[in-house]
Amino acid sequence: MRKVVIVGIDALEYEYVVKHNLKPLMLSKYGVVSIPPELYHDGVPYTPLVWTAYLTGRNPRDLGIHHIYEEPRWVVLLKKAIRITPLRLIRGKKKLLKRLGINVFKPYMIRGTTIFDVVKDSLPINVPGVNLSSEFYMIPEMIDKGLFDEAVKIAYSVADGVFAQTIRAVKAGHYRLIFSYNNLLDIVGHLYWVKRPKLVLNAYMHTCRRVSRLLVSCRRRGYDVIILSDHGMTDSGDGVTGTHTKYGYWASTIHDFSLSSPYELIKKVVGIVEKEDNPPVGVLQEGT
Ligand SMILES: [Zn+2]
(Lines give C-alpha, C1' and ligand atoms only; values in the text may rest on other atoms or scores of the structure.)
Protein backbone atom coordinates (compact mmCIF):
# COMPACT_ATOMS: atom_id res chain seq x y z
CA MET A 1 0.00 0.00 0.00
CA ARG A 2 1.34 3.41 -0.94
CA LYS A 3 0.61 6.45 1.16
CA VAL A 4 0.50 10.06 0.02
CA VAL A 5 0.78 13.48 1.61
CA ILE A 6 -0.62 16.31 -0.50
CA VAL A 7 0.65 19.75 0.47
CA GLY A 8 -1.76 22.37 -0.85
CA ILE A 9 0.05 25.71 -1.10
CA ASP A 10 -2.23 28.43 -2.41
CA ALA A 11 -0.64 30.68 -5.06
CA LEU A 12 2.71 28.87 -5.22
CA GLU A 13 4.26 30.34 -8.37
CA TYR A 14 6.13 28.09 -10.82
CA GLU A 15 8.35 30.86 -12.25
CA TYR A 16 9.33 31.99 -8.75
CA VAL A 17 10.30 28.45 -7.70
CA VAL A 18 12.49 28.11 -10.82
CA LYS A 19 14.02 31.60 -10.58
CA HIS A 20 15.05 31.12 -6.94
CA ASN A 21 15.88 27.44 -7.40
CA LEU A 22 13.71 26.42 -4.42
CA LYS A 23 14.71 22.75 -4.33
CA PRO A 24 12.45 21.61 -1.43
CA LEU A 25 9.42 22.67 -3.48
CA MET A 26 10.60 20.85 -6.63
CA LEU A 27 10.70 17.33 -5.13
CA SER A 28 11.66 14.73 -7.81
CA LYS A 29 9.74 16.41 -10.61
CA TYR A 30 7.55 19.44 -11.02
CA GLY A 31 5.58 21.42 -13.56
CA VAL A 32 2.58 23.62 -14.24
CA VAL A 33 -1.05 22.57 -14.33
CA SER A 34 -3.23 24.56 -16.71
CA ILE A 35 -6.41 25.85 -15.13
CA PRO A 36 -9.44 25.69 -17.45
CA PRO A 37 -11.52 28.88 -17.92
CA GLU A 38 -14.63 27.54 -16.17
CA LEU A 39 -12.60 27.80 -12.94
CA TYR A 40 -11.95 31.53 -13.49
CA HIS A 41 -13.54 34.57 -11.90
CA ASP A 42 -12.68 38.07 -13.16
CA GLY A 43 -10.41 36.56 -15.81
CA VAL A 44 -8.12 34.54 -13.50
CA PRO A 45 -8.29 31.18 -11.67
CA TYR A 46 -10.51 31.48 -8.61
CA THR A 47 -9.28 29.76 -5.45
CA PRO A 48 -12.51 28.04 -4.22
CA LEU A 49 -13.32 26.74 -7.71
CA VAL A 50 -9.86 25.30 -8.41
CA TRP A 51 -9.54 23.55 -5.04
CA THR A 52 -13.03 22.10 -5.44
CA ALA A 53 -12.03 20.76 -8.89
CA TYR A 54 -8.94 19.15 -7.31
CA LEU A 55 -10.97 17.64 -4.48
CA THR A 56 -13.96 16.37 -6.46
CA GLY A 57 -12.80 15.96 -10.08
CA ARG A 58 -15.94 17.87 -11.05
CA ASN A 59 -16.90 21.34 -12.23
CA PRO A 60 -17.66 23.21 -8.97
CA ARG A 61 -20.51 25.14 -10.64
CA ASP A 62 -22.31 21.78 -11.04
CA LEU A 63 -21.97 21.38 -7.27
CA GLY A 64 -23.46 24.81 -6.67
CA ILE A 65 -20.15 26.44 -5.74
CA HIS A 66 -19.61 29.86 -7.28
CA HIS A 67 -18.01 31.88 -4.49
CA ILE A 68 -15.88 31.64 -1.40
CA TYR A 69 -18.99 32.38 0.63
CA GLU A 70 -22.37 30.80 0.27
CA GLU A 71 -25.06 33.40 -0.03
CA PRO A 72 -28.74 32.76 0.45
CA ARG A 73 -30.84 33.47 -2.63
CA TRP A 74 -32.28 36.69 -1.19
CA VAL A 75 -28.80 38.11 -0.64
CA VAL A 76 -27.85 37.34 -4.26
CA LEU A 77 -30.99 39.13 -5.46
CA LEU A 78 -30.45 42.03 -3.07
CA LYS A 79 -26.88 42.49 -4.30
CA LYS A 80 -28.06 42.44 -7.92
CA ALA A 81 -30.69 45.04 -7.08
CA ILE A 82 -28.21 47.36 -5.40
CA ARG A 83 -25.27 46.82 -7.74
CA ILE A 84 -24.90 50.58 -8.14
CA THR A 85 -24.59 51.01 -4.35
CA PRO A 86 -21.04 51.73 -3.20
CA LEU A 87 -19.31 48.65 -1.83
CA ARG A 88 -18.92 50.12 1.64
CA LEU A 89 -22.68 50.22 2.08
CA ILE A 90 -22.87 46.50 1.37
CA ARG A 91 -20.02 45.97 3.82
CA GLY A 92 -21.87 48.01 6.40
CA LYS A 93 -24.92 45.85 5.86
CA LYS A 94 -22.86 42.71 6.32
CA LYS A 95 -21.48 44.04 9.63
CA LEU A 96 -24.93 45.06 10.79
CA LEU A 97 -26.37 41.63 10.02
CA LYS A 98 -23.41 40.05 11.78
CA ARG A 99 -24.06 42.16 14.86
CA LEU A 100 -27.66 41.03 14.76
CA GLY A 101 -26.38 37.48 14.80
CA ILE A 102 -27.50 36.74 11.24
CA ASN A 103 -24.70 34.84 9.56
CA VAL A 104 -25.42 35.71 5.97
CA PHE A 105 -21.97 35.02 4.58
CA LYS A 106 -20.89 31.58 5.63
CA PRO A 107 -17.95 29.77 4.08
CA TYR A 108 -18.82 27.42 1.21
CA MET A 109 -18.83 23.70 1.87
CA ILE A 110 -18.49 21.00 -0.75
CA ARG A 111 -21.63 18.89 -0.88
CA GLY A 112 -20.85 15.77 -2.81
CA THR A 113 -18.16 13.15 -3.03
CA THR A 114 -14.64 14.35 -2.36
CA ILE A 115 -11.27 12.65 -2.43
CA PHE A 116 -11.75 12.02 1.32
CA ASP A 117 -14.84 9.90 0.64
CA VAL A 118 -13.06 7.93 -2.06
CA VAL A 119 -9.78 7.23 -0.25
CA LYS A 120 -10.28 5.34 2.98
CA ASP A 121 -8.24 6.45 6.00
CA SER A 122 -7.74 9.95 4.63
CA LEU A 123 -7.26 13.11 6.65
CA PRO A 124 -8.05 16.69 5.55
CA ILE A 125 -6.10 19.38 7.41
CA ASN A 126 -7.47 22.89 6.93
CA VAL A 127 -8.86 22.03 3.48
CA PRO A 128 -11.06 24.58 1.61
CA GLY A 129 -14.70 23.52 1.37
CA VAL A 130 -14.07 20.75 3.91
CA ASN A 131 -12.61 21.89 7.23
CA LEU A 132 -10.86 25.26 7.14
CA SER A 133 -9.94 26.35 10.66
CA SER A 134 -11.67 29.23 12.39
CA GLU A 135 -8.29 30.98 12.72
CA PHE A 136 -8.08 30.91 8.91
CA TYR A 137 -11.22 33.04 8.60
CA MET A 138 -9.60 35.80 10.65
CA ILE A 139 -7.25 36.50 7.71
CA PRO A 140 -9.87 38.04 5.34
CA GLU A 141 -11.39 39.85 8.31
CA MET A 142 -8.05 41.53 9.08
CA ILE A 143 -7.52 42.43 5.40
CA ASP A 144 -11.03 43.85 5.32
CA LYS A 145 -10.07 46.12 8.22
CA GLY A 146 -6.81 47.15 6.53
CA LEU A 147 -4.73 45.35 9.19
CA PHE A 148 -2.33 43.76 6.68
CA ASP A 149 0.53 42.98 9.08
CA GLU A 150 -1.94 41.22 11.37
CA ALA A 151 -3.34 39.24 8.41
CA VAL A 152 0.15 38.10 7.41
CA LYS A 153 0.92 37.14 11.02
CA ILE A 154 -2.19 34.96 11.19
CA ALA A 155 -1.38 33.42 7.78
CA TYR A 156 2.05 32.41 9.15
CA SER A 157 0.46 31.02 12.29
CA VAL A 158 -2.13 29.01 10.31
CA ALA A 159 0.57 27.66 7.96
CA ASP A 160 2.80 26.63 10.88
CA GLY A 161 -0.12 24.93 12.63
CA VAL A 162 -1.03 23.09 9.44
CA PHE A 163 2.54 21.85 8.88
CA ALA A 164 2.84 20.74 12.53
CA GLN A 165 -0.46 18.87 12.30
CA THR A 166 0.62 17.26 9.02
CA ILE A 167 3.86 15.99 10.55
CA ARG A 168 1.93 14.56 13.52
CA ALA A 169 -0.41 12.75 11.11
CA VAL A 170 2.55 11.39 9.12
CA LYS A 171 4.14 10.13 12.34
CA ALA A 172 0.87 8.42 13.29
CA GLY A 173 1.53 6.46 10.10
CA HIS A 174 -1.90 4.92 9.46
CA TYR A 175 -3.43 7.47 7.06
CA ARG A 176 -3.30 6.57 3.38
CA LEU A 177 -3.90 10.16 2.31
CA ILE A 178 -3.15 13.35 4.22
CA PHE A 179 -4.19 16.56 2.46
CA SER A 180 -3.18 19.88 4.00
CA TYR A 181 -3.68 23.44 2.83
CA ASN A 182 -2.35 26.89 3.69
CA ASN A 183 -2.53 30.26 1.95
CA LEU A 184 0.49 32.15 3.34
CA LEU A 185 1.97 32.75 -0.15
CA ASP A 186 -1.38 33.94 -1.50
CA ILE A 187 -1.82 36.53 1.26
CA VAL A 188 1.76 37.84 1.10
CA GLY A 189 1.70 37.74 -2.72
CA HIS A 190 -1.55 39.67 -3.07
CA LEU A 191 -0.47 42.33 -0.60
CA TYR A 192 3.21 42.78 -1.44
CA TRP A 193 4.30 40.95 -4.65
CA VAL A 194 5.75 44.11 -6.28
CA LYS A 195 6.28 46.58 -3.47
CA ARG A 196 7.92 44.37 -0.82
CA PRO A 197 9.76 41.50 -2.56
CA LYS A 198 11.74 40.76 0.61
CA LEU A 199 8.53 39.82 2.46
CA VAL A 200 7.53 37.57 -0.44
CA LEU A 201 10.93 35.86 -0.44
CA ASN A 202 10.73 35.39 3.36
CA ALA A 203 7.37 33.64 3.00
CA TYR A 204 8.74 31.34 0.27
CA MET A 205 11.84 30.52 2.34
CA HIS A 206 9.66 29.85 5.37
CA THR A 207 7.51 27.49 3.27
CA CYS A 208 10.68 25.74 2.00
CA ARG A 209 11.87 25.12 5.57
CA ARG A 210 8.49 23.72 6.64
CA VAL A 211 8.28 21.47 3.57
CA SER A 212 11.88 20.24 4.14
CA ARG A 213 11.03 19.26 7.69
CA LEU A 214 7.88 17.48 6.51
CA LEU A 215 9.85 15.61 3.83
CA VAL A 216 12.14 14.11 6.49
CA SER A 217 9.12 12.62 8.33
CA CYS A 218 7.54 11.46 5.06
CA ARG A 219 10.70 9.66 3.99
CA ARG A 220 10.93 7.88 7.36
CA ARG A 221 7.30 6.78 7.29
CA GLY A 222 7.16 5.81 3.62
CA TYR A 223 4.93 8.60 2.37
CA ASP A 224 5.08 9.97 -1.15
CA VAL A 225 4.53 13.71 -1.41
CA ILE A 226 2.63 15.86 -3.90
CA ILE A 227 2.75 19.66 -3.73
CA LEU A 228 -0.12 21.51 -5.40
CA SER A 229 -1.19 25.06 -6.08
CA ASP A 230 -4.34 26.47 -7.63
CA HIS A 231 -2.63 29.36 -9.49
CA GLY A 232 0.57 31.34 -9.25
CA MET A 233 1.20 35.04 -8.63
CA THR A 234 2.37 37.87 -10.84
CA ASP A 235 2.61 41.67 -11.00
CA SER A 236 -0.89 43.16 -10.93
CA GLY A 237 0.32 46.32 -12.65
CA ASP A 238 -0.56 48.71 -9.78
CA GLY A 239 3.03 48.93 -8.56
CA VAL A 240 2.23 47.24 -5.24
CA THR A 241 0.20 44.04 -5.31
CA GLY A 242 0.10 40.67 -7.03
CA THR A 243 -2.59 38.94 -9.01
CA HIS A 244 -3.17 35.30 -10.02
CA THR A 245 -1.44 33.69 -12.99
CA LYS A 246 -3.47 31.31 -15.18
CA TYR A 247 -1.61 28.14 -14.24
CA GLY A 248 -1.16 26.17 -11.05
CA TYR A 249 1.84 24.17 -9.85
CA TRP A 250 2.53 20.56 -9.05
CA ALA A 251 5.57 18.70 -7.77
CA SER A 252 5.94 15.11 -6.68
CA THR A 253 8.32 12.54 -5.23
CA ILE A 254 6.64 9.95 -7.49
CA HIS A 255 8.71 9.64 -10.65
CA ASP A 256 5.83 8.72 -12.97
CA PHE A 257 3.44 11.37 -11.67
CA SER A 258 2.29 14.34 -13.74
CA LEU A 259 -0.77 16.57 -13.75
CA SER A 260 -2.23 18.47 -16.69
CA SER A 261 -5.63 19.41 -15.22
CA PRO A 262 -7.06 19.81 -11.69
CA TYR A 263 -9.80 17.31 -12.57
CA GLU A 264 -7.21 14.52 -12.92
CA LEU A 265 -5.98 14.64 -9.35
CA ILE A 266 -8.59 12.46 -7.65
CA LYS A 267 -8.16 9.58 -10.14
CA LYS A 268 -4.38 9.77 -10.01
CA VAL A 269 -4.29 9.73 -6.21
CA VAL A 270 -6.69 6.78 -6.06
CA GLY A 271 -4.41 5.00 -8.56
CA ILE A 272 -1.40 5.65 -6.35
CA VAL A 273 -2.86 4.59 -2.99
CA GLU A 274 -4.48 1.50 -4.47
CA LYS A 275 -1.31 0.36 -6.21
CA GLU A 276 0.42 -2.36 -4.25
CA ASP A 277 4.13 -2.05 -3.66
CA ASN A 278 6.34 -4.77 -5.04
CA PRO A 279 6.78 -7.04 -2.02
CA PRO A 280 10.30 -6.81 -0.65
CA VAL A 281 12.53 -9.73 -1.66
CA GLY A 282 12.88 -10.87 1.96
CA VAL A 283 9.12 -11.33 2.28
CA LEU A 284 9.00 -13.43 -0.90
CA GLN A 285 11.69 -15.71 0.44
CA GLU A 286 9.90 -16.14 3.74
CA GLY A 287 6.89 -17.54 1.89
CA THR A 288 8.83 -20.13 -0.11
ZN1 LIG B 1 -5.71 30.74 -4.52
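The values are calculated or read from the model by the stated rules, or taken from the named source; none is laboratory data. What you see is a predicted model; the values in this text were computed from it and never measured. With ideal geometry, Cβ positions are generated from the backbone for all residues, glycine too; neighbour counts draw on all protein chains shown.
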Exercise for the section: Among residues belonging to region 39-65 that are modelled with pLDDT of 95 or more and of a type in the set (Val, Ile, Thr), point out the one that is nearest to the ligand (Cβ to nearest atom). Expected result: Thr47
Practice task
Evaluate the following for Tyr249: is it within 16 Å of the ligand (Cβ to nearest atom) and either touching a Leu at 6+ places or on another chain (Cβ under 6 Å) or in contact (Cβ under 8 Å) with a residue 40 or more places away in the chain (or both)?
Solution key: yes
Problem - Whichever residue in region 5-38 is within 15 Å of the ligand (Cβ to nearest atom) and of a type in the set (Asp, Glu) and, among such residues, is surrounded by the fewest Cβ atoms within 10 Å (Cβ to Cβ) - result: Asp10
Practice task
Can you work out which of the residues in region 193-242 that are aromatic (Phe, Trp, Tyr) and within 16 Å of the ligand (Cβ to nearest atom) is nearest to the chain's Cα centre (by Cα)?
Solution key: Tyr204
Practice task
For region 124-143, state whether one or more residues are assigned by TED's automatic domain parsing to the domain that holds Leu265, assigned to a strand (DSSP E or B) and either β-branched (Val, Ile, Thr) or touching a residue at least 12 places away in the same chain (Cβ under 8 Å) (or both).
Solution key: yes
